Amino acid sequence: MSPNQSTVVALYSQHLDTLQQRTAEALQRGGFDHLVVPSGTSHYQLFDDRDYPYATNPQFKHWVPLTRNPGSWLVATPGRRPKLIYLQPFDYWHVVPEAPRGYWTEHFDIVVIRTPDEALQHLPVNAARCAILGEGQSAVGDFVPNNPPAVLAYLDYQRAYKTPYEVAMMREASRVGARAHRAAERAFRAGASEFGIHLVYCQSAMQDANDLPYNNIVALNEHGAVLHYTDRDRLPPRQARSFLIDAGASHHGYACDITRTYAHDRNGEFQALVNAVDNAQQTMCAHVRAGFDYKQLHLDAHLSLARILRDFRLINVAPEVAVETGVSSAFFPHGIGHGIGLQVHDVAGFAESDRGGTIPKPQGHPYLRLTRVLEPGMAVTIEPGLYFIDMLLEELKDKGLGPSVNWDRVAAFKPFGGIRIEDDVVCTDGDPLNLTREQFAAAA
Ligand code: GLY
Ligand code: MN
Ligand code: MN
């Protein structure tokens, strides 16, 4: 066993201890005896027998590193070893999951079933005593997901605090993602199309739509201004000026979420603007510290980006005024980031406590996805951006804010689309751990 592997084995064991403790508390709060979690089932396209890529129930993959096992179940009962009901069907149409193996199996009582309904023989006797977390279509017999709010509120809130095992999984996802980002940059510099760069990325990561945590955004030139651009032109543009890539990777069910922006001309003004956003982004990452309010991080980002807009003469008002009047929001129209883990946009971003409640978004910032105060173990993205989006710039004019903007300068930058720099950062007791920068450095 490699040292890395022995570390993972130890970390996984601690991770399960944490989940057991959290489960005991959650069940007590909800008044249940067992936690029951189906892995999920395939979804089909409308009026069709084609399935979408299978996505595992995150509550299930929190326990086991299994992402291709529809029809399986996890049962956790305080004081007992957790049970895994593992579906290994007789099926010659699909690849049947291998028999369970690996470092994690020794922690479970595992029963193999051959049909989904056989799960009933191994689930607890009384479904009414179970908190069943999942979607309706996973039901078998009486085991219909009930998603008790008290149980979910507790588990989802706590899920923001990653165990060291989870951080290790996210580090591995980041390693794969950073290497693929390097390959994508090389393809851009070699003149590939958006589609071609996407294929290079997938090849390098060895992942495709079945594995990637979200749809890759691969945008050349003006396409960088479309926040969720997923079209991917098949042919290269006549002149590739800029490249924005937002692409992740998965490892054992955990995600990374990385964005980089490149200028073709490394000596031009767009590169200078990228550098300015990159510097500001690193300062923001340094604020991922225990006790720092993530809402404030978002508001501070507006001021810092507005300063860049003024330094590059894109606006001609004071940065504070640009933030106050909403001018900065036309250039930075999304949130500074979100929690990340088993889901690229992790749950409970607005949770006030582990008993429920909502921390509202700051007024005028509808797209922020995380409003909690940072604490050790939280993993978040930091993803400031500046874009040249016609629709939003026109709105500024309509609101009478046109004079705040230097339109000649906007016209000069518009052919480059936009900039986003995104890292995944873990809050610790001390300095932040930037998984993305660490793995980019290693992949150099
Ligand atoms: N890639 C999705 C996001 O950055 O939130
Ligand atoms: Mn993100
Ligand atoms: Mn992203």
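Some values worked out for this structure:
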| quantity | calculated |
| --- | --- |
| Residue in the stretch 375-390 that is closer than 22 Å to V274 by Cα, surrounded by fewer than 16 Cβ atoms within 10 Å (Cβ to Cβ) and modelled with pLDDT of 95 or more present | yes |
| Test result for A153, open to solvent by 10 Å² or more (accessible area, probe 1.4 Å) and either under 21 Å from N57 (Cβ atoms) or of a type outside the set (A, V, I, L, M, F, W, C) (or both) | yes |
| Selection from the stretch 198-233 of residues that are more than 16 Å from ligand 1 (Cβ to nearest atom) and hydrophobic (A, V, I, L, M, F, W, C) | L199, V200, M206, L220 |
| Any chance T56 is part of a loop (DSSP other than H, G, I, E, B) and under 23 Å from H345 (Cα atoms) | yes |
| Selected residue (only one of D311, D354 is in contact (Cβ under 8 Å) with a residue 12 or more places away in the chain and more than 27 Å from the chain's Cα centre (by Cα)) | D311 |
| Count of residues meeting criterion [surrounded by fewer than 17 Cβ atoms within 10 Å (Cβ to Cβ) and in a loop (DSSP other than H, G, I, E, B)] in the stretch 156-167 | 0 |
| Of residues in the stretch 1-41 being outside any helix (DSSP H, G or I) and of a type in the set (A, V, I, L, M), the one nearest to the chain's Cα centre (by Cα) | V37 |
| Long-range neighbours under 7 Å by Cβ, at least six apart or interchain, first residue farther than 30 Å from Q14 by Cα within the stretch 103-118, second open to solvent by less than 40 Å² (accessible area, probe 1.4 Å) and in a loop (DSSP other than H, G, I, E, B) | R114/Q88; R114/P89; T115/P89; P116/G71 |
| Filtered residues of the stretch 220-266 (kept if under 16 Å from A183 (Cα atoms), open to solvent by less than 20 Å² (accessible area, probe 1.4 Å), within 16 Å of ligand 3 (Cβ to nearest atom) and over 19 Å from the mean Cα position of the chain (by Cα)) | F243 |
| Single residue of A255, A306, A247, A301 found to be within 30 Å of L374 (Cα to Cα), assigned to a helix (DSSP H, G or I), in contact (Cβ under 8 Å) with a residue 12 or more places away in the chain and within 15 Å of ligand 1 (Cβ to nearest atom) | A301 |
| Filter result for A272 (without any contact (Cβ under 8 Å) to a residue 60 or more places away in the chain, open to solvent by less than 30 Å² (accessible area, probe 1.4 Å) and away from ligand 2 (no atom under 16 Å from the Cβ)) | no |
| Residue in the stretch 380-402 that is within 16 Å of ligand 3 (Cβ to nearest atom), over 24 Å from G177 (Cβ atoms) and of a type outside the set (G, A, S) present | no |
| Single residue of the stretch 1-45 satisfying the filter (among the acidic types (D, E) and farther than 17 Å from H107 by Cα) that is surrounded by the fewest Cβ atoms within 10 Å (Cβ to Cβ) | D33 |
| Verdict on G339 being more than 16 Å from ligand 3 (Cβ to nearest atom) and open to solvent by 10 Å² or more (accessible area, probe 1.4 Å) | no |
| Residue count, the stretch 97-146 (criterion: of a type in the set (S, T, Y) and on the phi > 0 side of the Ramachandran plot) | 0 |
| Members of the stretch 197-219 found to be more than 16 Å from ligand 2 (Cβ to nearest atom), open to solvent by 70 Å² or more (accessible area, probe 1.4 Å), assigned to a loop (DSSP other than H, G, I, E, B) and polar (S, T, N, Q), listed by number | N210 |
| Filter result for the condition that a residue is assigned to a loop (DSSP other than H, G, I, E, B), surrounded by fewer than 16 Cβ atoms within 10 Å (Cβ to Cβ) and at pLDDT below 95, over R81, R101 | R101 |
| Unique match (being under 30 Å from M169 (Cβ atoms) and either open to solvent by less than 30 Å² (accessible area, probe 1.4 Å) or within 16 Å of ligand 2 (Cβ to nearest atom) (or both)) among G326, G357, G349 | G349 |
| Residues within the stretch 342-359 that are charged (D, E, K, R) and either within 26 Å of H251 (Cβ to Cβ) or within 13 Å of ligand 3 (Cβ to nearest atom) (or both), tallied | 1 |
| Residues (hydrophobic (A, V, I, L, M, F, W, C) and open to solvent by 20 Å² or more (accessible area, probe 1.4 Å)) located in the stretch 168-193 | A168, A190, A192 |
| Only listed residue being buried (at least 16 other Cβ atoms within 10 Å of the Cβ), farther than 23 Å from I308 by Cα, within 16 Å of ligand 3 (Cβ to nearest atom) and hydrophobic (A, V, I, L, M, F, W, C), chosen from L370, L433 | L370 |
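The values are calculated or read from the model by the stated rules, or taken from the named source; none is laboratory data. Model, not experiment: these values are computed from the prediction. Counting neighbours? That spans all protein chains shown, and the Cβs are built from the backbone with ideal geometry, glycine included. To get the accessible areas, we keep the full protein, side chains included, count just its heavy atoms, and leave off ligands, DNA and RNA. Shrake-Rupley method; radii C 1.70, N 1.55, O 1.52, S 1.80 Å.
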